[in-house]
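The values are calculated or read from the model by the stated rules, or taken from the named source; none is laboratory data. Values in this document were obtained by computation on a predicted structure and should not be read as measured data. Cβ sites come from the backbone with ideal geometry, for glycine too, and all protein chains shown count toward neighbours.
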Amino acid sequence: MAAAERPDPDQYRYGIDGTPTARELMLRLAEIEGGDRTFLAPSGLAAISLTLLAFLTSGGHLLLPESCYGPTRELADGLLADLGVATSLYDPMIARGVAELIQPNTQLIWCESPGSITMEVQDIPAITAAARRRGVPVALDNTYGAGVLFDAFAAGVDISVQALTKYQAGHSDLLMGSVVLRDPAHARTVESARRQLGMSVSPDDCSLVLRGLKTFDLRLRHLGRSALEVATWLSKRPEVTHLLHPAFPDCPGHEFWKRDWRGSASVFSIILGRWTRGQVIRFVEALDLFGIGYSWGGANSLVFSYGELRRPTPELGPLLVRLNIGLEDPADLIADLERAFAAAA
Ligand SMILES: *Cc1c(COP(=O)(O)O)cnc(C)c1O
């Protein structure tokens, strides 16, 4: 090590730079997404904050979709604002209209497709084309697509960020995030921030994600099929006024999903637009097989309803219910939903 003038970046030196186990996971994740480099972070949110802190500097400007993951917005309004980074929120359906929002100091365009909770599928190729003309990098929260249902790099994205906590880990028992990219200059930017921030993960957690990858394909296919089966049943229920699942025409950006995506995953939302908030809560509480919880991508079905949600409108937000379909028999899940609808009606 002492003899090496510039240490070989692929040689194991020290834990925080990646143990052999972490490096194996980094290589596989880059291969799955078709990227060149992977950075691992201790949660999905840490992968988001690593990316934002790497690309944004004091006096800079960030474009963030209104439909982004709540904590991403909190970071923009919190630490990033304190550091002198300005953020403009944009309509996730803006497509090439994003060009008009790019300012001389814009350093990053953030995308998330579909959007958290309200599931807007973005026209990513239109956004990346507009960004490229202005030389602004585009980062995507690609957690729903899991790096396989949506090809971020083919769509022109520079940086693909994921919560591995969801599908790759797959068993609701660990937290991890990834940042996958291609451009060597971007890699140097992220690597420098990663080292300074000490963003690293333990090899034991990496070995669990590597184990999750052995069944990743089977689980994702099965979850996607079960979610479609449950969503199809829900689409015929009179209580459901909006079905926000990318494979259904109610979902904003459904046409982009049809054009750009290879499939759909396990999480989607319904709006019970004719009900009261009280009925929505009774419905959620009457479900047996669905645990109440925020996460997704694991073996168990989950449900959540956000009382303060102001999207898609302030009236409809509190009547939205997000479902994560797990590995249970979809017929059992449908029976559970049917019973809960009757209990809350
Ligand atoms: C869960 C999630 C995250 C954060 O992942 P954690 O590992 O829980 O920090 C980020 N983005 C999206 C879209 C998510 O659903």
Of the residues D183, D173, which single one is within 16 Å of the ligand (Cβ to nearest atom), touching a residue at least 24 places away in the same chain (Cβ under 8 Å), out of contact with any strand residue (DSSP E or B) (no Cβ under 6 Å at 6 or more places or on another chain) and over 26 Å from L243 (Cβ atoms)?
D173
For the stretch 271-278, indicate whether the set of residues that are among the β-branched types (V, I, T), crowded, with 16+ Cβ neighbours inside 10 Å and farther than 21 Å from H222 by Cα is non-empty.
yes
Of the residues A299, A247, A331, only one is aliphatic (A, V, I, L, M), without any contact (Cβ under 8 Å) to a residue 24 or more places away in the chain and touching a Leu at 6+ places or on another chain (Cβ under 9 Å); which?
A247
Looking only at the stretch 33-64, which residues are more than 15 Å from the ligand (Cβ to nearest atom), part of a helix (DSSP H, G or I) and touching a strand residue (DSSP E or B) at 6+ places or on another chain (Cβ under 8 Å)?
E33, F55
Extreme residue, surrounded by the fewest Cβ atoms within 10 Å (Cβ to Cβ), among residues of the stretch 280-326 that are in contact with a helix residue (DSSP H, G or I) (Cβ under 6 Å, 6 or more places away or on another chain) and among the basic types (K, R)
R310
From (1) under 26 Å from K214 (Cβ atoms); (2) crowded, with 20+ Cβ neighbours inside 10 Å, pick out the condition that doesn't hold for L75.
(1)
Could we say that T165 is among the β-branched types (V, I, T), within 11 Å of the ligand (Cβ to nearest atom) and under 26 Å from G224 (Cα atoms) here?
yes
Which condition from (1) charged (D, E, K, R); (2) more than 28 Å from H242 (Cβ to Cβ); (3) under 16 Å from the mean Cα position of the chain (by Cα) is the one that R134 breaks?
(3)
Pairs needed: first member in the stretch 135-155, touching a residue at least 60 places away in the same chain (Cβ under 8 Å); second member anywhere, within 16 Å of the ligand (Cβ to nearest atom) and among the basic types (K, R); C-beta distance under 7 Å; at least 6 residues apart or different chains.
T143/K166
Can you spot a residue in the stretch 159-173 that is under 24 Å from C206 (Cβ atoms), in contact with an Asp or Glu (Cβ under 9 Å, 6 or more places away or on another chain) and among the charged types (D, E, K, R)?
no
Members of the stretch 111-123 found to be near the ligand (Cβ under 10 Å from one of its atoms), crowded, with 24+ Cβ neighbours inside 10 Å and among the polar types (S, T, N, Q), listed by number:
S113
Hey, can you tell me all the residues within the stretch 142-158 that are within 23 Å of S200 (Cβ to Cβ) and within 16 Å of the ligand (Cβ to nearest atom)?
N142, T143, A146, G147
Scan the stretch 21-35 for residues that are in contact (Cβ under 8 Å) with a residue 24 or more places away in the chain and over 18 Å from A152 (Cβ atoms) and jot them down.
T21, A22, E24, L25
Any residue in the stretch 157-169 that is farther than 14 Å from E33 by Cβ and without any contact (Cβ under 8 Å) to a residue 60 or more places away in the chain?
no
Quick one: in the stretch 299-345, of everything that is of a type in the set (V, I, T) and either closer than 26 Å to R219 by Cβ or modelled with pLDDT under 95 (or both), which residue is farthest from the chain's Cα centre (by Cα)?
I334
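Rundown of residues vs (1) of a type in the set (S, T, Y); (2) away from the ligand (no atom under 16 Å from the Cβ); (3) closer than 22 Å to P184 by Cβ, yes/no style:
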position: T72; (1), (2), (3): yes, no, no
position: L89; (1), (2), (3): no, yes, no
position: L101; (1), (2), (3): no, yes, no
position: I109; (1), (2), (3): no, yes, yes
position: T128; (1), (2), (3): yes, yes, yes
position: V136; (1), (2), (3): no, yes, yes
position: L140; (1), (2), (3): no, no, yes
Filter pass, A126 being surrounded by 21 or more Cβ atoms within 10 Å (Cβ to Cβ), at pLDDT 95 or above and of a type outside the set (S, T, Y):
no
Output yes when any residue across the stretch 3-23 is farther than 20 Å from D204 by Cα, modelled with pLDDT under 95, small (G, A, S) and away from the ligand (no atom under 16 Å from the Cβ), and no when none is.
yes
